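Peer 1: Below you will find the structure I want to go over with you.
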Amino acid sequence: MSSGCEHMIEIQDLRKIYQMGQVEVKALDGVSLTIDKGEFIGIMGPSGSGKSTLLHLLGLLDDPTSGSIQIEGIDVSRLTDWERTMFRLYKLGYVFQDYALVPELTVKENICLPAMLRTDREEKDYIAATRDILHKIGLWDRRDHLQSELSGGQQQRVAIARAIVNTPDILFADEPCANLDTENSRMVLDLFKQINQEMQQTIVMVSHEDWHKEYFDRIVRLKDGKMVNGGR
Ligand SMILES: Nc1ncnc2c1ncn2[C@@H]1O[C@H](COP(=O)(O)OP(=O)(O)OP(=O)(O)O)[C@@H](O)[C@H]1O
Ligand SMILES: [Mg+2]
């Protein structure tokens, strides 16, 4: 299935149009872009410019109206629903602004969860991975706590840990600091940067906070569904 293409992600003329009664909303209006392995990309732009739409399409959480998406040389439009689900489970990781942890599970259990869904991971291997990640995010002491016993910043670090436990090829994050103060935002962004540098982790992050741009290798700037900067 691979074409031998070296880009991690390659999209061409991507469009997403919502039909709202008589009105067409062009959420994404012809975006072309390549992203390479190890890049830390920031998707920036004003509210309503199409940032989340682009991230959802790249993360295979939604389908484009037209245009193509290749990830690691695979044309993802050719995947069946089941292959798509497996593609997400085996290759992609996600962090959202509301953390999306399972409230009944402990920190440790939340982090293990995506690894438990995979048939190729043994218990002793993901328990060891979870232990290492708990140390990396500085929450080893909180491993048996519930979400309700953690601060927002701590919850987001757990969500990041869960997103990387399967060492995804691409990590997607949609405004992961939206509900955090500056100090906690820095801690979360520093963690993303550390993961990016130590593991050459490819990261695509949506943000609308101008000061976040110092963290990104490249900024893709959107306006009215079009890319106004940062493409290649
Ligand atoms: N499900 C939907 N149905 C109709 N219109 C939608 C839908 N989702 C998004 N849109 C519209 O598409 C445009 C882009 O939305 P999107 O959520 O991608 O913006 P955004 O840049 O992430 O904004 P924000 O910074 O506020 O999160 C907006 O005009 C929005 O109203
Ligand atoms: Mg958004």
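Peer 1: Tally Lys and Arg at +1 and Asp and Glu at -1 over the other residues with C-beta under 14 Å from the C-beta of G153: what net charge comes out? Intermediate values should be presented prior to the final figure.
Peer 2: Working: positive: R142, R157, R186; negative: D98, E149, D181, E183, D190.
So the surrounding residues net to -2.
Peer 1: I've got another one for you. Among 68-80, 185-197, how do they line up by average Cβ neighbours within 10 Å per residue, starting with the highest? Let's see the in-between values first.
Peer 2: Working: 68-80: 15.7, 185-197: 18.1.
Top of the packing list down: 185-197, 68-80.
Peer 1: Further question: Residue separation times 0.36 nm, minus the C-alpha to C-alpha distance between H135 and V23: what's the value?
Peer 2: Details: separation 112, 0.36 × 112 = 40.32 nm, distance 5.06 nm.
Result for the pair: 35.3 nm of gain on full extension.
Peer 1: If you don't mind, another one. Among the lysines, which have Cα under 16 Å from the Cα of K124 when same-chain residues fewer than 8 positions away are ignored?
Peer 2: Within the straight-line cut-off, K124 pairs with K108.
Peer 1: A further question follows. Straight distance only, please: which lysines reach the Cα of K26 with their own Cα at less than 22 Å, same-chain residues fewer than 8 apart left out?
Peer 2: K16, K51, K223, K226
Peer 1: How far apart, in nm, are two points set 7 Å out from the Cα along the Cα-to-Cβ line at K223 and at H7?
Peer 2: 2.3
Peer 1: Round to the nearest 0.05 the FRET efficiency obtained for N179 and L113 when R0 = 30 Å and r is the Cβ-Cβ distance.
Peer 2: Details: r = 21 Å, r/R0 = 0.71.
The pair N179/L113 has a calculated efficiency of 0.90.
No value in this document is a laboratory result; all are computed from the given coordinates. For clarity, every value in this text was computed on a predicted model and none was experimentally measured. Note that we place each Cβ from the backbone using ideal geometry, even for glycine, and neighbour counts take in every protein chain shown.
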